[in-house]
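Quick notes on the structure that follows.
The values are calculated or read from the model by the stated rules, or taken from the named source; none is laboratory data. Here the structure is a predicted model, which means the values were calculated and not measured. When we count neighbours, we look across all protein chains shown, and the Cβ atoms used for this are built from the backbone with ideal geometry, even at glycine. Surface accessibility is based on the protein's heavy atoms, side chains included, excluding ligands, DNA and RNA. Shrake-Rupley method; radii C 1.70, N 1.55, O 1.52, S 1.80 Å.
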Amino acid sequence: QVQLVESGGGLVQPGGSLRLSCTASGFAFSNYDMSWYRQAPGKERELVAHITYIGRRTNYADSVKGRFTISRDNAKNTVYLQMNSLKPEDTAVYYCHAEFRNSWGQGTQVTVSS
């Protein structure tokens, strides 16, 4: 059974940082690309960042380039999203996604507010 478990969300002030983690199980993690998506209230889910299965290539939404970094540790079956210089418009539920069977985590709330 595929499981993607996100953690690390919370409330942070503008300009602050958070690191999200997503630990996977039930499939060969190191063989699949991974991504982070987010969905703000009233908006469609959007791709935030993507990393290839070995981690050699990454892609980011224009809105987060230079502020967010996606990485992975295949030995720990975990993908990370380091979020710096957070803005109120980054407020959303953040979801981990695996290419394997188009699998999704349950989401973790990130709220950026003073």
DSSP bridge orientation in the chain - percent antiparallel, rounded to nearest 5 = 90
query = What list of ³J(HN,Hα) values in whole Hz, one per residue of the range 101-114 in order, does the Karplus curve 6.51 cos²θ - 1.76 cosθ + 1.60 (θ = phi - 60°) give from phi, with Gly and Pro shown as x?
reply = 6, 6, 8, 10, x, 7, x, 9, 7, 10, 10, 10, 7, 8
message = Running a GNM on the chain with Cα contacts under 10 Å, which residue among LYS43, LYS76, LYS65 ends up with the highest mean-square fluctuation?
response = LYS43
task = Give me the accessible area per residue for the chain, probe 1.4 Å, as a whole number in Å².
result = 54
query = Distance from the Cα centre of the range 47-114 to that of the range 1-41, in angstrom?
reply = 6
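Treating the beta-carbon of each Lys and Arg as +1 and of each Asp and Glu as -1, no other charges, what is the dipole magnitude of the range 61-114 about its Cα centre, to the nearest 20 debye?
Numbers: 6 positive and 5 negative charges, 24 e Å.
Using Cβ point charges on Lys, Arg, Asp and Glu, the range 61-114 gives about 120 debye.
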task = Compute the relative contact order of the chain as a whole-number percentage, counting only Cα pairs closer than 8 Å that sit 6 or more residues apart in sequence.
result = 36
query = Residue by residue, what Karplus-based ³J(HN,Hα) values in Hz, rounded to whole numbers, does the range 37-54 have, using 6.51, -1.76 and 1.60 with θ = phi - 60° and x for Gly and Pro?
reply = 10, 9, 9, 8, x, x, 10, 6, 5, 10, 6, 9, 7, 9, 9, 6, 5, 8
request  = Report in % the part of the accessible area of the chain that belongs to carbon and sulfur, leaving out ligands and nucleic acids; probe 1.4 Å.
outcome  = 44
task = Could you give me the radius of gyration and the Dmax of the chain, taking only the C-alpha atoms into account and expressing both in angstrom?
result = 13.2, 41
